[in-house]
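Notes follow the structure.
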Amino acid sequence: MSKGTAAKGLKRNKGRLHIRCRRCGKAAYHKIKSVCSSCGYGNSAKLRRYNWHKKTVSKIRIIAKIKQHMNKRKKSGFKLD
Ligand SMILES: [Zn+2]
């Protein structure tokens, strides 16, 4: 095969390969691979995280804390309405 064709063959559609991700909201969701390069949506149920990336790590910790708190409230029998 020639040099350029293989990579171009993957492109298939015009315009953007990455669209807005359903889970994290960033334009990092790959249309063809159907995987988000930012949060790992489509690849795993867990959020993609690395210890060298402090922002995401802190974000995930905050989300976990909120979930804990909500579970506590559910146990004590609160209602949204
Ligand atoms: Zn994402």
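Here are some notes:
- Difference of contour (0.36 nm per residue) and Cα-Cα distance, R73 to L17: 16.0 nm
- Each residue of the range 40-47 was assigned a 3J(HN,Hα) from its phi angle through the Karplus expression (A = 6.51, B = -1.76, C = 1.60, θ = phi - 60°), giving x, 5, x, 10, 8, 6, 7, 6 Hz with x at Gly and Pro.
- Förster-model FRET efficiency, 35 Å R0, I66 and K31, C-beta, rounded to 0.05: 0.70
- Residues whose placed amide H lies under 5 Å from that of V35, excluding near-sequence neighbours: H30
Values in this text are rule-based calculations from the coordinates and carry no lab data. Model, not experiment: these values are computed from the prediction. Here the Cβ is made from the backbone with ideal geometry for all residues, glycine too, and neighbour counts use every protein chain on show.
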